């Protein structure tokens, strides 16, 4: 039986397209996630080693229970967004954009598409120093539910 994602590999909305990430895009996703400004506001601010990323990426691409997309703007890859399924039923969203794509609403549209595809509760953990991400997730319908360490916890429900 063919999975629906194989039949409908793209999600569209307001000029932003999500498509499933492919194994050959490891270095592209590494560039988004390894950027110093992205690392500074992540849960793990230390630099990412390419070899470690390659192993993580191969495992993540193989995980069919948790979607992982490349964000495209007019057919040009500009970031990645993924939803990680968790045992507590609250999936966690993570997004990384190329610096050229920030501040243009691309992330907001990608988050909306990803959450709509997931159709379940989604949690975002946003560094307290990342006002732009907090505003973006709030605009997408996420509601602050709490805080842990240096992170504000937001939740989206379908």
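Every number in this text was worked out from the coordinates using simple rules, so none of it is lab data. These numbers were taken from a predicted model, which means no experiment stands behind them. Note: ideal-geometry Cβ built from the backbone for every residue, glycine included; neighbour counts use all protein chains shown.
Structure values in brief
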| item | result |
| --- | --- |
| Beta bridges per DSSP with both ends in region 34-158, % antiparallel, nearest 5 | 90 |
| Among 62, 101, 131: highest mean-square fluctuation, GNM of the chain, C-alpha pairs under 10 Å | 131 |
| Whole-number D in µm² s⁻¹ for region 69-135, Kirkwood Cα-pair radius fed into Stokes-Einstein, 20 °C, 1.002 mPa s | 170 |
| The chain: most fluctuating residue of 61, 83, 126 per GNM, C-alpha cutoff 10 Å | 61 |
| Ellipticity estimate at 222 nm from DSSP helix runs (n ≥ 4, -39,500 (n - 2.57)) divided over the chain, nearest 500 | -9500 deg cm²/dmol |
| Descending semi-axes in whole angstrom, ellipsoid equivalent of region 96-156, from the Cα gyration tensor | 18, 16, 8 |
| Footprinting exposure proxy for 74, 84 (fewest neighbouring C-beta atoms within 10 Å first) | 74, 84 |
| Cβ-based exposure ranking for 148, 127, in which fewest neighbours within 10 Å come first | 148, 127 |
| Solution diffusion estimate, µm²/s, Stokes-Einstein, region 4-114, Kirkwood Rh from C-alpha pairs, 20 °C, viscosity 1.002 mPa s | 149 |
| Sorted by Cβ neighbour density within 10 Å, fewest at the top, the residues 117, 88 | 88, 117 |
